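Derivation of every value follows stated rules applied to the coordinates shown; laboratory data play no part. As the structure is a prediction and not an experimental result, all values here were calculated from the model. In this analysis, Cβ positions are derived from the backbone assuming ideal geometry, glycine residues included, and neighbour counts consider all displayed protein chains.
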Amino acid sequence: MTKKIDILNLGLIVASVIIAVMIPFKLFLFSYAILGPLHYLTEINWLKDKNYFLSANSKWIRVFLGIAVIISIYPLYKLSESGWGIMVDDLMNILKGEGKILILTAFFFSVALFLFKKLYHLLIALVACFLIAILLKNFLPSWFFFFGLFLPTIVHVYLFTGLFMLYGSRKSKSNYGYLSVVLLLLVPFLIAFIPIEPVNYVVTKEVGMTYNASKFLNLNMVMTNMFNGLIDGKYVVLSPVGIKVQIFIAFAYTYHYLNWFSKTSSIGWKQSLTTRKTLFISVIWIAAIALYMTDYYTGFVALYFLSMLHVFFEFPLNVITIKGLFRTA
């Protein structure tokens with residue numbers, strides 16, 4: 001079974017790259033709207049069934065829930081387009097500006113949950129994690145911005161996926177598993193050396209507006225700038241580097257979701273689905289797709305909470321994976 005899944009994942013990596021090269025913007029929009037919500041719902045259900053991999057400290061998952069709620073307030077506020085008053089506007093602007101602090105606090109605290117057990121130790125650790133995130137913002141702003149932007153996006157869908165695959169391959173001692181990890185690591189280099197002709201890519205007004213509504217354009221701009229792809233200091237969507245960045249983003253998200261769905265049996269998340277849970281998840285998934293099809297931005301905002309929640313809930317598993325890799329090295 002493991003061998004078949006690993007071979008399947010090799011095929012999924014190749015297929016994801018090929019389609020991403022062909023239609024990078026449309027593929028991302030499709031994967032994020034159709035595959036994404038189903039991934040959030042099924043993974044959150046599986047993590048809950050596994051006690052979030054926190055055993056005795058599982059009750060502290062409420063901290064991640066609270067942070068996800070706080071971070072999700074601003075997008076809802078913007079969507080409402082209502083005049084809530086100056087005080088509310090100021091509070092919302094603070095939430096918008098400090099979201100990365102909360103994201104880093106959640107990740108640091110997920111590490112603390114494996115180091116401490118007593119209540120007062122964990123309370124002190126939570127405050128310390130928040131303060132460390134603030135210090136990082138003030139004294140190492142570049143690193144703060146990097147981790148705050150990439151941790152819930154590229155690090156989550158690409159790096160953590162790769163580490164999880166490596167951890168599984170080491171446990172199963174699967175050569176095909178190792179090969180899939182190597183291929184995954186080679187994808188960015190393959191994309192970098194693919195000859196790109198911008199004239200072969202067209203972004204229609206509808207696709208452009210939809211992608212802008214996804215709020216991922218900032219990620220594109222930052223990554224393009226990292227690879228010196230700006231033209232006269234400006235981000236150009238259909239520049240060679242800009243297109244390659246989008247190809248990688250489309251690939252990373254698409255394969256991240258497909259990798260999850262390919263492992264229904266190997267990690268047992270299918271077994272955590274009862275008939276009632278399956279029906280509940282299906283209804284929410286269909287509603288999510290309907291929202292995205294009606295208005296992509298509305299769908300993005302409505303699902304933003306679930307998107308961030310599944311990232312935060314996965315942090316403890318990420319910590320376990322990293323620890324396991326070092327322990328068995």
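Across segment 42-54, coupling constants 3J(HN,Hα) worked out from phi with the 6.51/-1.76/1.60 Karplus curve, θ = phi - 60°, read 6, 6, 4, 4, 5, 5, 4, 5, 8, 6, 6, 6, 10 Hz, and Gly and Pro carry x. Among Ser55, Ser239, Ser31, sorting on how many other beta-carbon atoms sit within 10 Å of each Cβ, with the fewest leading, yields Ser55, Ser239, Ser31.
Length available on full extension from Thr204 to Phe145: 0.36 nm per residue minus the Cα-Cα distance, which gives 18.1 nm. Fewest-first ordering of Glu43, Glu206 by other beta carbons within 10 Å of each residue's beta carbon gives Glu206, Glu43.
Over segment 2-327, Cα pairs under 8 Å with separation of 6+ residues give a relative contact order of 39 percent. Ellipsoid fit via the Cα gyration tensor, segment 122-208: semi-axes of 33, 26, 12 Å, each the root of five times an eigenvalue, largest first. Here the simple spin-label model places points 7 Å from the Cα toward Cβ, and for Leu135 and Arg327 these points are separated by 2.8 nm.
When the helices of the chain are scored as -39500 (n - 2.57) per DSSP H run of n ≥ 4 and the total is divided over every residue, the value at 222 nm lands at -25000 deg cm²/dmol. Backbone geometry of segment 291-303 corresponds, through the Karplus equation with coefficients 6.51, -1.76 and 1.60 at θ = phi - 60°, to 3J(HN,Hα) couplings of 5, 4, 5, 6, 7, 4, 5, 4, x, 4, 5, 5, 9 Hz, x marking Gly and Pro. Neighbour counting of Cβ atoms within 10 Å sorts the residues Ile322, Ile61, Ile247, Ile286, fewest neighbours leading, into Ile286, Ile322, Ile61, Ile247. Tyr178 sits among other residues whose Cβ lies under 14 Å from its own Cβ, and their net charge, with Lys and Arg +1 and Asp and Glu -1, is +3.
For Lys96, list the aspartates and glutamates whose Cα falls under 18 Å from its own Cα; do not include residues on the same chain fewer than 8 positions away. Excluding near neighbours in sequence, the set is Glu81.
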